[in-house]
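Worksheet: one structure, shown below.
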Amino acid sequence: MRNIFLLFFAYLPLVMCSQKPDNLKDKFANYFLIGATINQEDYQIIDKDNKVLKIVSEDFNSVTPENSMKWMHSHPEYSKFTFSNAQKITDFAKENDMFLLGHTLVWHNQVPEYVSDIKDKIKFDLHIKNHIFQLVTRFKGKVDMWDVVNEALNDDGTLRETVFLDMMGESYIEKAFQYANDFDPNVELAYNDYNLYKPNKRAGAIRIINSLKEKGIRIDAVGIQAHWDLHFPSIKEIEQTIIDLAETGVDVMITELDITVIPNPYELAGIAREEFKKFEGDKKWDPYQAGIPDNVQKKLTKRYRDIFELFVKHHDKISRVTFWGTTDKYTWRNQNPINNRADYPLLFDREYNKKPAYYELLDIDLSEKN
Ligand code: XIL
C-alpha cells in the first residue's frame with residue numbers, strides 16, 4: 001500500500017504538467033496576453049455585473065476600459081475631469097494582476113462638442129497637451145500601454161479629416177506621442193486602427209510608424225482592431241497585415257477582436273447614424289433574435305480556430321490579443337450601427353456560458369508550435 005502511495009506522489013508532478021489548461025490566459029501564456037474589455041457605457045458593468053468581472057478575471061490577463069477613459073467620459077467639460085469609472089477598472093486590473101490598456105488619448109469619436117469650439121490654434125494645442133498630461137499622469141504606474149492615437153487614417157491611407165488635423169496639422173500625431181512620452185517615459189505607446197488588412201490603409205499606418213521613428217519619437221506597438229466577420233478579411237490578408245506591420249519593428253497587437261455573424265450593412269454606408277433607426281427590428285438586418293443557428297455557430301467556431309492558429313503561428317510578432325467585450329449580451333455590435341440587434345461575436349453567450357468557439361481555442365494543439 002505504502003509503495004502505491006509513493007508511486008502516486010512520484011508521478012504527481014507529471015500528471016499535473018500534462019493537465020490541459022482550462023482557461024484562455026493559461027492556454028496562451030507562452031504566446032501572447034489575452035485581453036477583454038470592461039464597459040461602463042449603457043451597461044455599467046463595473047458596478048453591476050459581477051458575473052462579467054468573474055469571467056474577465058478567470059480567463060484574461062489584460063483589460064481595456066471600453067469607454068471610461070475616452071474623452072467624453074474622462075474630460076467631459078473644458079476644465080472638468082471625471083475618473084471614477086476608469087479608476088474602478090484600474091483597481092480591478094491591479095487586484096487581478098492584469099495588463100491595463102489606456103484607451104484612448106486622441107480619437108475623433110466620443111469627443112465632447114466643446115473641443116471643436118476651441119478656435120485658437122495655440123489654445124487648442126495646449127488643451128490637447130493638458131488632456132494627455134491629465135490622463136497619463138493620473139494613471140502613471142497603473143496603465144501599462146496607451147493607445148495614443150486611434151483611427152487617424154482613411155481607408156485609402158490618407159489622414160482622416162478631424163478637428164485635430166484641422167487645428168494642429170499633420171504633426172498632431174507626433175505631438176501626441178511626444179507628449180505622452182514626456183509625461184510617462186515608462187508607459188508603452190501604441191497606434192491603433194481598423195481595416196489595416198486593406199493595403200493602402202496599412203501603408204498609411206506603416207508611414208505613421210516609420211515617420212515617428214525617423215523623428216526619434218517613441219512608438220512601441222501597433223494595434224489591429226479586428227472587428228471582422230465570418231469571411232472577411234481572409235486568413236491570407238490577416239497574415240500579410242501582421243507580417244508587414246511587424247517589419248516596422250514595433251510589437252503587433254490584435255486589440256478589438258470580435259466576429260460579427262449578422263449582415264453587415266455595408267450597402268448602407270454613408271447614411272447618417274440617425275437614419276439607421278428605421279432598420280431597427282428589420283429581420284433582414286437582424287435575423288437571429290431567437291438564437292444563433294447551429295450552422296452559423298459552427299462557422300464561427302471554425303473561424304475562431306483558423307484565426308487563432310494564425311496568431312499562434314506568428315506569436316513571435318504578436319504581444320497581445322484582446323477581445324472587444326466578454327459576452328454576447330453586452331457586445332457593442334448589438335447596437336452598431338443598428339440598435340437592439342442580436343449578434344454573437346464573442347466567446348461567451350448571453351447567459352455567460354462558454355461557447356463552442358471558446359472550447360475550440362482551448363483545443364488548439366500547441367505542442368508542435370512551442
Ligand atoms: C465602441 C464601444 O464598444 C461602444 O460601447 C461605444 O458606444 C462606441 O465605441 N473602435 C474603437 C473603440 O477604437 O473604442 C470602439 O468602441 C469601437 C471601434
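The loop-placed trypsin sites (Lys or Arg not before Pro) in the stretch 70-126, going by DSSP, that have at most 15 neighbouring Cβ atoms within 10 Å of their Cβ come out as 119.
For the stretch 244-288, the residues whose backbone nitrogen is under 18 Å from a point 7 Å from the Cα of residue 158, taken along Cα to Cβ, are 270. The amide H of residue 288, built 1.01 Å from its N in the peptide plane, has 342 as neighbours under 5 Å, considering only residues 5 or more places off or on other chains. Under the simplified labelling scheme, the residue 19-residue 264 pair shows an inter-label distance of 4.1 nm, with each label point 7 Å from Cα along Cα→Cβ. For residue 70, nonlocal amide neighbours, meaning residues 5 or more places apart or on other chains whose placed amide H falls under 5 Å from its own, are 104. Diffusion coefficient of the stretch 157-231 by Stokes-Einstein, Kirkwood radius over Cα pairs, 20 °C, 1.002 mPa s: 160 µm²/s.
Using a Förster radius of 35 Å, what is the FRET efficiency between residue 110 and residue 351 based on their Cβ-Cβ separation? Nearest 0.05, please.
Between residue 110 and residue 351 the formula returns 0.75.
Couplings for the stretch 122-139, taken from phi via the Karplus curve 6.51 cos²θ - 1.76 cosθ + 1.60 with θ = phi - 60°, read 5, 4, 4, 4, 5, 5, 4, 4, 5, 4, 5, 4, 4, 6, 5, 6, 4, 10 Hz in order; Gly and Pro are left as x. Computed from label points 7 Å out along Cα-Cβ, the spacing between residue 95 and residue 82 is 2.2 nm.
Rounding to the nearest 10 and keeping the result within 0 to 90°, find how far the Cα-based axis of helix 294-313 lies from the longest principal axis of the chain. Long axis of 294-313 versus the principal axis of the chain: about 80 degrees. Relative to the dominant Cα principal axis of the chain, helix 2-17 is inclined by about 30°. Across the stretch 256-269, coupling constants 3J(HN,Hα) worked out from phi with the 6.51/-1.76/1.60 Karplus curve, θ = phi - 60°, read 9, 6, 7, 10, 5, 10, 10, x, 8, x, 4, 5, 9, 3 Hz, and Gly and Pro carry x. Looking at the chain, the DSSP beta bridges with both ends there are about 10 percent antiparallel. With the highest mean first, a sort of the peptides 205-216, 220-231 on other beta-carbon atoms found within 10 angstrom per residue produces 220-231, 205-216.
Taken along the Cα-to-beta-carbon direction at a fixed 7 Å, the label points for residue 310 and residue 235 span 0.9 nm.
Expressed to the nearest 5 percent, the antiparallel share of DSSP beta bridges inside the stretch 31-167 is 15 percent. About its Cα centre, the dipole of the chain is roughly 480 debye, where the only charges are +1 on Lys and Arg Cβ and -1 on Asp and Glu Cβ.
Axis angle, to the nearest 10 degrees, between helix 172-183 and the longest C-alpha principal axis of the chain: 70 degrees. If the segment from residue 129 to residue 54 were pulled out straight at 0.36 nm per residue, it would be longer than the present Cα-Cα gap by 23.3 nm. Couplings 3J(HN,Hα) for the stretch 64-78, derived from phi with the Karplus relation 6.51 cos²θ - 1.76 cosθ + 1.60 (θ = phi - 60°), are 10, x, 5, 9, 4, 8, 5, 3, 5, 9, 8, 9, x, 10, 3 Hz, where x marks Gly and Pro.
Run the helix sum for the chain: -39,500 (n - 2.57) per DSSP H stretch of 4+ residues, divided by residue count, reported at 222 nm to the nearest 500 deg cm²/dmol.
Estimated from H runs of four or more residues: -11500 deg cm²/dmol.
Given Cα positions, please report Rg to Rh for the chain, the hydrodynamic radius being the Kirkwood one. Could the numbers behind the result be given before it?
Values: Rg = 21.6 Å, Rh = 21.8 Å.
Rounded to two decimals, Rg over Rh is 0.99.
Values quoted throughout were computed directly from the atomic coordinates according to the rules given, and no laboratory measurement underlies them. Note that the coordinates shown come from a computational prediction; the quantities given were computed from them, not determined experimentally. As a convention, Cβ positions derive from the backbone with ideal geometry for all residues, glycine included, and neighbour counts pool all protein chains shown.
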